[in-house]
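Trainee: First, the structure itself, so that you have it in front of you.
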Amino acid sequence: MRKEGIRMSKIYDVIGIGVGPYNLGLAALLEDTELDAVFFEKTPEFVWHPGMLIERMDLQVPFLADLATFADPKSRFTFMNYLYEKDRMFPFFFHQHFQIPRQEYNDYLQWAADQISTIRFGHTVVDVIDQKDHYQVVAEETATGEKVYVKAKHVVMGTGNEPLVLDGMDGFPNEDVMHSSRYLFEKDHLLKAKHVTVVGSGQSALEIFLDLLEEQERQDMKVTLFTRTGGLFQLDQAKFAQEMFTPGYVDYFHQLSLDQRKEALDTLKPLRKGIDPDTLTQLYTKLYHRTAGGENARILIQPMTEVNDIEADEDGYLLHCRQWQEEHDYTYSTEKVVLATGYKPHIPDWFMDRFQDAIEWEEEGMYKVSRDYHLQFKDEREHHFFTLTNLVHSHGAGATNLGLSVHRNVHIINTIAGRTVYKNQEDTSFQQFSMKHFN
Ligand SMILES: Cc1cc2nc3c(=O)[nH]c(=O)nc-3n(C[C@H](O)[C@H](O)[C@H](O)COP(=O)(O)OP(=O)(O)OC[C@H]3O[C@@H](n4cnc5c(N)ncnc54)[C@H](O)[C@@H]3O)c2cc1C
């Protein structure tokens, strides 16, 4: 793919900051339009959550949530075209499964990234300066430390999420106490241990626990799982529940007051927090088969347990735990720990330095975002700062879901272009969420 040099004198239509699946989709949809874009990504090449690309694990949304299909099923960047180009149409046809392997999704994204001319890998955005009718973006080339200064009318921040590690659980050697995002990088070290404890109640915790159970077939190792939730509960994947991940629901959610939105997010917890039913079935089946001949399960799964602190001792680590229902505090000894304690939005420091006082906030950490994903500035402006990051409070549970990524990008592209470049789907659910249609 031929990449044009960056032109510092030019004002681009848009600059993308960070290239995960969200901004990659934006770059793909912009590629064949009249809009001029540049995207900066700090890593040297595209890779999607590399520490969690565990074999046998599937994407949690159907393959149609690719980079382009919802905007343009005929786009060259669809997953179907990837299959076609890779000669995998027949295996996919016979596999008959909408959920594709995570590793295949990553390969698809890399294939798409290779064909997109506007992405500059190995460039970290270190500053964005408001120039009153455009923005100046400063990116630093990782390899040389050299800075490039590029101007654009609009910017789109797609900096994703970063690992969330609770206070008191950081500062230990990575190979002993690690966040789940580093799991595959540290797995060789983990497998040297006689006892590994996974902490967390979500999908990542279960995937790692299941993977360690597979390893137990080959080596003598005890595996423990502590979950804070009342049990190993599954994500609600019922059809009508899934309608909360439609553009129609986002329209509804966005116009609610902040209190109503918080209440709605609480109600929607079963859709957001929980484990894929297939993963739970795999785990249960594994344990059932293992114990069928009377063999010991060789695991401990303890729900309702908070791990509040970690302390190093001569055999490894002591976890300070509390079974919250019985209000029982205890310590638990283990050799290694995997913290599947989640993620938080990654908002770069320069963003707060430059924009904290210029934009509207709904509450601490919750900036005010328009329906078409641009930040609400205190002054009126036509040059927009869009964000794909930290949108749950403004756009609902679907803000971190790949299924709505194309929908978001279509909103942004149409706003930037000032015309309908791509059609967004109307009438997306059977349920009506607002009373306003009665008026
Ligand atoms: C393990 C895991 C599995 C998931 N699986 C699913 C799933 O199956 N289905 C689903 O719907 N959702 C899933 N999600 C949730 C969500 O869809 C993904 O996290 C998705 O990757 C989010 O995309 P993104 O583009 O916002 O961010 P990211 O993928 O996090 O990408 C952000 C990028 O920005 C770059 N960056 C950050 N700061 C800068 C900077 N200053 N300059 C340049 N680059 C920068 C980073 O290097 C990174 O590449 C999953 C999340 C995780 C953690």
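Trainee: Please find, within segment 187-200, the residue that is most open to solvent (accessible area, probe 1.4 Å) out of those that are part of a loop (DSSP other than H, G, I, E, B) and charged (D, E, K, R).
Mentor: Filtering first and then ranking leaves K192.
Trainee: Then there is this: Could you list all residues from segment 367-378 that are out of contact with any Phe, Trp or Tyr (no Cβ under 6 Å at 6 or more places or on another chain) and open to solvent by less than 40 Å² (accessible area, probe 1.4 Å)?
Mentor: V369, S370, D372, F377
Trainee: Using beta carbons and a limit of 6 Å, which pairs, at least six apart or on different chains, have the first residue in segment 246-266 and outside the structural domain of H411 (by TED's automatic domain parsing) and in contact (Cβ under 8 Å) with a residue 24 or more places away in the chain and the second one charged (D, E, K, R) and not in a helix (DSSP H, G or I)?
Mentor: If the second residue must be charged (D, E, K, R) and not in a helix (DSSP H, G or I), the pairs left are H254/R371; L258/E362.
Trainee: Moving on to the next point. If you take the residues in segment 379-408 that are open to solvent by 10 Å² or more (accessible area, probe 1.4 Å) and among the β-branched types (V, I, T), which one is farthest from the ligand (Cβ to nearest atom)?
Mentor: Once the filter is applied, the top-ranked residue is V392.
Trainee: Inside segment 201-258, counting only helices (runs of 4 or more DSSP H) that do not spill past its ends, which hold 1 or more residues that are modelled with pLDDT of 95 or more and acidic (D, E)?
Mentor: Fully inside segment 201-258 and qualifying: 203-216, 247-254.
Trainee: Among (1) away from the ligand (no atom under 16 Å from the Cβ); (2) β-branched (V, I, T); (3) at pLDDT below 95, there is one condition T331 misses while meeting the rest; what is its number?
Mentor: (3)
Trainee: So, one more: Would it be correct to say that F40 is near the ligand (Cβ under 8 Å from one of its atoms) and of a type in the set (F, W, Y)?
Mentor: Values: near the ligand (Cβ under 8 Å from one of its atoms): yes; of a type in the set (F, W, Y): yes.
So F40 fits the description; yes.
Trainee: Provide a single number: the residues in segment 210-226 that are out of contact with any helix residue (DSSP H, G or I) (no Cβ under 7 Å at 6 or more places or on another chain) and under 24 Å from K269 (Cα atoms).
Mentor: Qualifying residue count, segment 210-226: 1.
Trainee: May I ask you to verify whether L375 is farther than 30 Å from F209 by Cα, touching a helix residue (DSSP H, G or I) at 6+ places or on another chain (Cβ under 6 Å) and either outside the structural domain of S75 (by TED's automatic domain parsing) or modelled with pLDDT of 95 or more (or both)?
Mentor: Here the answer is no, as L375 does not meet what is asked.
Trainee: Further question on the same structure: Given the structure, is H328 open to solvent by 80 Å² or more (accessible area, probe 1.4 Å) and assigned by TED's automatic domain parsing to the domain that holds F172?
Mentor: The answer is yes for H328.
Trainee: Quick one: is L53 closer than 23 Å to E207 by Cβ, open to solvent by 30 Å² or more (accessible area, probe 1.4 Å), at pLDDT 95 or above and of a type in the set (A, V, I, L, M)?
Mentor: Values: closer than 23 Å to E207 by Cβ: yes; open to solvent by 30 Å² or more (accessible area, probe 1.4 Å): no; at pLDDT 95 or above: yes; of a type in the set (A, V, I, L, M): yes.
No; evaluated as a whole, the condition is false for this residue.
Trainee: Quick one: what pairs do we get from segment 28-40, first residue in the same structural domain as N414 (by TED's automatic domain parsing) and of a type in the set (S, T, Y), second surrounded by fewer than 24 Cβ atoms within 10 Å (Cβ to Cβ) and part of a loop (DSSP other than H, G, I, E, B), C-beta under 7 Å, 6+ apart or different chains?
Mentor: Correct list of pairs: T33/V421.
Trainee: Anything in segment 103-147 that is of a type outside the set (D, E), more than 30 Å from T78 (Cα to Cα) and surrounded by fewer than 16 Cβ atoms within 10 Å (Cβ to Cβ)? List them, or say none.
Mentor: Once the filter is applied, which keeps residues that are of a type outside the set (D, E), more than 30 Å from T78 (Cα to Cα) and surrounded by fewer than 16 Cβ atoms within 10 Å (Cβ to Cβ), segment 103-147 yields V126, I129, Q131, K132, T142, A143, T144, G145, K147.
Trainee: If you take the residues of segment 173-205 that are over 22 Å from T279 (Cα atoms) and among the basic types (K, R), which of them is nearest to the ligand (Cβ to nearest atom)?
Mentor: Among those that are over 22 Å from T279 (Cα atoms) and among the basic types (K, R), it is K192.
Trainee: Quick check, is R298 closer than 27 Å to K194 by Cα, of a type outside the set (V, I, T) and touching a residue at least 40 places away in the same chain (Cβ under 8 Å)?
Mentor: yes
Trainee: Does G294 satisfy the condition of being among the small types (G, A, S) and under 25 Å from the mean Cα position of the chain (by Cα)? Walk me through it before giving the result.
Mentor: On the way: among the small types (G, A, S): yes; under 25 Å from the mean Cα position of the chain (by Cα): no.
In short, no.
Trainee: So the check is Cβ under 7 Å with 6+ separation or different chains; which pairs have a first residue in segment 342-355 that's under 15 Å from Y135 (Cα atoms) and a second one that's within 8 Å of the ligand (Cβ to nearest atom)?
Mentor: From segment 342-355, the pairs are W350/V126.
Trainee: Follow-up question, since we're still on this one. Would you check if there is a residue in segment 13-35 being away from the ligand (no atom under 12 Å from the Cβ), open to solvent by less than 20 Å² (accessible area, probe 1.4 Å) and in contact with a Lys or Arg (Cβ under 8 Å, 6 or more places away or on another chain)?
Mentor: Yes, there is a match, as at least one residue in segment 13-35 is away from the ligand (no atom under 12 Å from the Cβ), open to solvent by less than 20 Å² (accessible area, probe 1.4 Å) and in contact with a Lys or Arg (Cβ under 8 Å, 6 or more places away or on another chain).
Trainee: Let me ask something additional. Do we find that A312 is surrounded by 11 or more Cβ atoms within 10 Å (Cβ to Cβ) and more than 30 Å from the chain's Cα centre (by Cα) in this structure?
Mentor: Values: surrounded by 11 or more Cβ atoms within 10 Å (Cβ to Cβ): yes; more than 30 Å from the chain's Cα centre (by Cα): yes.
Yes, satisfied.
Trainee: Residue by residue through segment 67-82, note down the ones that are in contact (Cβ under 8 Å) with a residue 60 or more places away in the chain and either near the ligand (Cβ under 8 Å from one of its atoms) or not polar (S, T, N, Q) (or both).
Mentor: Taking segment 67-82 and keeping what is in contact (Cβ under 8 Å) with a residue 60 or more places away in the chain, we get 67-72.
Result: L67, A68, F70, A71, D72.
The values are calculated or read from the model by the stated rules, or taken from the named source; none is laboratory data. From a predicted model like this one, the values you see are computed outputs, not experimental measurements. Backbone-built Cβ (ideal geometry, glycine too); neighbour counts: all protein chains shown. Protein only, heavy atoms only, side chains kept; ligands, DNA and RNA dropped before computing areas. Shrake-Rupley method; radii C 1.70, N 1.55, O 1.52, S 1.80 Å.
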